[in-house]
Amino acid sequence: MKPLLSKKSYKRIEDQKRYEGDLFLSSKADSSQYHCFDKSGKVLSTEKFANFLNVSQTVTSLFIGGTYGIHNEIIDKALSLISIGKMEFTHELFRIMVLEQIYRVSCIHNNHPFHQI
């Protein structure tokens with residue numbers, strides 16, 4: 001997983017969000033579906049997140065928006081919106097939190113005891 005870092009800065013928030021969305025779309029596999037992380041999304045437990053990821057048998061991308069969020073065009077094309085709660089986190093911390101959840105999903109799928117600790 002390679003995080004996309006926005007190197008440009010725009011005066012208008014919508015322009016910044018569009019640029020970041022275009023970066024994301026250009027980097028994902030053409031046929032891959034994607035889901036967005038957003039506060040307004042559905043809150044999933046780790047177990048439900050594991051089931052959610054297990055259902056998809058195709059390449060799936062997860063999009064974490066920038067400082068100002070995700071452009072509406074990206075959200076509209078996403079298969080779903082996922083939330084880990086109403087709190088806000090820095091992007092660096094949020095990426096680590098998502099990676100940790102993906103690790104837990106792997107443990108659940110492999111019956112590893114880590115998740116049950």
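Every number in this text was worked out from the coordinates using simple rules, so none of it is lab data. On a predicted model such as this, the values are computed, not experimentally measured, just so you know. Glycine also receives a Cβ, built like all others from the backbone with ideal geometry; neighbour counts cover every protein chain displayed.
Taking all Cα pairs closer than 8 Å and separated by 6 or more residues, the relative contact order of the range 13-116 comes to 37 percent.
Here the Karplus relation 6.51 cos²θ - 1.76 cosθ + 1.60, evaluated at θ = phi - 60°, turns the backbone of the range 58-67 into coupling constants of 10, 5, 10, 10, 10, 10, 10, x, x, 3 Hz, with x for every Gly and Pro.
For the set 48/77; 17/77; 8/86; 8/77; 17/48, the pairs lying more than 19 angstrom apart at their alpha carbons are 48/77; 8/86; 8/77; 17/48. The alpha carbon convex hull volume per residue for the chain rounds to 112 Å³. Between residue 44 and 83, the built amide H atoms are under 5 Å apart, and every one of these is 5 or more places off in sequence or on another chain.
Shown here for the range 1-102: trypsin sites (Lys or Arg not before Pro) in loop regions (DSSP other than H, G, I, E, B) with at most 13 other Cβ atoms within 10 Å, namely 7, 8, 11, 12, 86.
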